[in-house]
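Heads up, the thing below is written out as structure tokens.
No value in this document is a laboratory result; all are computed from the given coordinates. Because the structure is a prediction, the values reported are computed rather than measured. Cβ atoms come from the backbone with ideal geometry, glycine included; neighbour counts cover every protein chain shown.
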Amino acid sequence: MLQGSCLCGLVQYEYNGELGPIAMCHCSQCRRAQGSAYATNSPILASQFRIVTGQELVKEFESSPGKKRAFCRECGSPIYSRLDSKPDTLRLRIGSVTTPIEAKPSYHIYANSAAEWYEFTDGLPRYVRKPLKVATHST
């Protein structure tokens, strides 16, 4: 079981499933939402994810039609995002995971939108958008 929390610790969650492939998204929305060069996300099963404490502090912001980004309204830490069109899947923000994980990043997406100051040095595949044939999680 994975556990995680926001920066202030008021929102805590558990995930009782496997992580999907970890992607580093360089789109301009993710860069602004994270305040960094990219967001590090993994698709997870929504049914296996639960907020343990602080549900009332989780705020969802619709960053584009049908896309919600969830964060702690106290400290601003991003927790997950979700698409209305894919209600069974969340995209967990890996930086919020507090238990050790063995999974490593798999690829970069929206690499053509990367910040001009970011240098790719890890040798991972780079895509213009999310690859169509990537498994999202084990069932």
If you bin the C-alpha pair distances of segment 55-125 every 10 Å from 0, what whole percents do you get? 16, 37, 38, 9, 0
Enumerate the aspartates and glutamates that LYS59 could reach by cross-link, defined here as Cα to Cα under 16 Å, with residues fewer than 8 away along the same chain left out. GLU74, ASP84
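Exposed loop sites here are chymotrypsin sites (Phe, Trp or Tyr not before Pro) in DSSP loop states with at most 13 other C-beta atoms within 10 Å. What is the longest stretch of the chain lacking them?
Numbers: sites that count: TRP117, PHE120.
It runs 1-116.
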Translational diffusion coefficient (Stokes-Einstein; Kirkwood radius from C-alpha pairs) of the chain at 20 °C, 1.002 mPa s, in µm²/s: 140 µm²/s
Compactness check, segment 23-89: C-alpha Rg relative to the 2.2 N^0.38 Å globular estimate gives 1.10
Have a look at segment 13-59 and give its Rg and Dmax from the Cα atoms, expressed in angstrom. 12.8, 31
Which of ILE44, ILE101, ILE109 ends up with the largest GNM mean-square fluctuation for the chain, with Cα atoms connected below 10 Å? ILE101
